Amino acid sequence: MNRAGAVTGYPRAVDTPLRLEVIVGSIRPQRFAPVVADWFVRTARARPEFETGVIDLLHTPLPPDLSETAETERFRQRLAAADAFVAVTSEYNHGYPASLKTALDSAKHEWRAKPIGFVSYGGLSGGLRAVEQLRQVVAEVHLVSVRETVSFHRARTQFDADGSTGNGAAIDAADRMLSQLAWMGSALAAARASDPYPG
Ligand SMILES: Cc1cc2nc3c(=O)[nH]c(=O)nc-3n(C[C@H](O)[C@H](O)[C@H](O)COP(=O)(O)O)c2cc1C
């Protein structure tokens with residue numbers, strides 16, 4: 001304990017990066033998602049706390065009827081090995097993509113007691129309404145959503161031709177969100193290892 005009474009010194013070795021999976025939600029043929037996702041993945045890969053992978057739902061055909069397939073099993077194995085998640089989400093009619101809901105519904109125990117952050121983009125709202133809906137749904141599968149959100153309104157105007165952004169608020173939010181994911185991911189990994197989560 002430190003002097004403020006907070007628990008410190010989680011046993012995870014600092015040189016063992018957390019496994020972060022970035023889940024790309026949009027599967028539209030003409031999607032903008034890769035621009036946002038690639039920028040975020042580059043940002044995450046610059047952080048030593050994480051080893052970052054990408055689960056692009058366009059290339060992960062999970063059945064919307066939630067039937068069991070080899071792809072579903074591979075997806076679950078990726079989730080099971082992860083310590084933290086980021087969902088990159090667009091907004092369609094004030095909601096998040098159906099592909100992302102299918103992904104959330106396609107696993108159960110693999111999500112539990114792990115943190116998730118959100119990178120959203122869209123038109124005027126920047127995908128923030130999609131994120132608020134996601135917060136409700138992820139709680140049901142025992143994911144823990146971190147406070148900070150990265151959001152791009154009028155997303156297509158926010159990136160250069162090389163995929164960089166000058167959006168200082170988004171850059172700052174990404175940094176804070178990754179710090180929150182690292183803290184929460186480390187704390188929850190240690191807790192899961194010492195005591196099975198009572199889900
Ligand atoms: C069917 C549809 C509905 C949309 N509804 C919203 C919306 O409610 N709010 C918003 O900010 N943007 C909305 N948009 C704009 C999208 O967020 C924007 O086009 C974004 O690029 C979509 O992500 P994607 O290209 O990666 O699929 C909508 C786009 C589509 C195609």
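Here, each number is a calculation from the coordinates, and none is a lab measurement. None of these values were measured; they are calculated from a predicted model. All Cβ positions, even for glycine, are placed from backbone atoms using ideal geometry, and neighbour counts span all protein chains on display.
Only residues that are at negative phi, under 15 Å from the mean Cα position of the chain (by Cα) and either of a type in the set (D, E, K, R) or more than 11 Å from the ligand (Cβ to nearest atom) (or both) were counted in segment 108-127, giving 9. Quick check, is Val22 part of a strand (DSSP E or B), over 16 Å from Ser90 (Cα atoms), touching a strand residue (DSSP E or B) at 6+ places or on another chain (Cβ under 7 Å) and among the β-branched types (Val, Ile, Thr)? No; evaluated as a whole, the condition is false for this residue.
Looking at this structure, is Thr89 of a type in the set (Val, Ile, Thr) and within 14 Å of the ligand (Cβ to nearest atom)?
Spelling it out, Thr89 is indeed of a type in the set (Val, Ile, Thr) and within 14 Å of the ligand (Cβ to nearest atom).
Consider Glu110 carefully, then state whether it is free of Cβ contacts under 8 Å to residues at least 12 places away in the same chain, more than 20 Å from Val41 (Cα to Cα) and surrounded by fewer than 21 Cβ atoms within 10 Å (Cβ to Cβ). No.
Within the option set Ala173, Ala130, Ala182, Ala169, being small (Gly, Ala, Ser) and under 30 Å from Pro63 (Cβ atoms) holds for one residue only, Ala130.
Say we look at segment 12-41 and pick out the residues that are free of Cβ contacts under 8 Å to residues at least 12 places away in the same chain and away from the ligand (no atom under 16 Å from the Cβ); which of these is surrounded by the most Cβ atoms within 10 Å (Cβ to Cβ)? The residue in question is Thr16. Taking the condition of being assigned to a helix (DSSP H, G or I) and in contact (Cβ under 8 Å) with a residue 40 or more places away in the chain, how many residues in segment 146-170 meet it? So the count comes out to 2. Just wondering, is there one or more residues in segment 43-53 that are within 13 Å of the ligand (Cβ to nearest atom), in contact (Cβ under 8 Å) with a residue 40 or more places away in the chain and surrounded by 16 or more Cβ atoms within 10 Å (Cβ to Cβ)? Within segment 43-53, none of the residues are within 13 Å of the ligand (Cβ to nearest atom), in contact (Cβ under 8 Å) with a residue 40 or more places away in the chain and surrounded by 16 or more Cβ atoms within 10 Å (Cβ to Cβ).
Just checking, how many residues over segment 68-107 are among the polar types (S, T, N, Q) and surrounded by 14 or more Cβ atoms within 10 Å (Cβ to Cβ)?
Qualifying residue count, segment 68-107: 6.
Only one of the listed residues (Leu134, Leu188, Leu181) is in contact with a Ser or Thr (Cβ under 7 Å, 6 or more places away or on another chain) and either of a type in the set (Phe, Trp, Tyr) or part of a helix (DSSP H, G or I) (or both). That residue is Leu134.
Among residues of segment 145-199 being of a type in the set (Ser, Thr, Tyr) and under 19 Å from Arg45 (Cβ atoms), the one that is surrounded by the fewest Cβ atoms within 10 Å (Cβ to Cβ) is Ser164. All conditions but one from (1) within 18 Å of Thr43 (Cα to Cα); (2) free of Cβ contacts under 8 Å to residues at least 24 places away in the same chain apply to Ala139; the one that does not is (1). For segment 89-131, a residue qualifies if it is of a type in the set (Phe, Trp, Tyr) and part of a helix (DSSP H, G or I), and exactly one does: Trp111.
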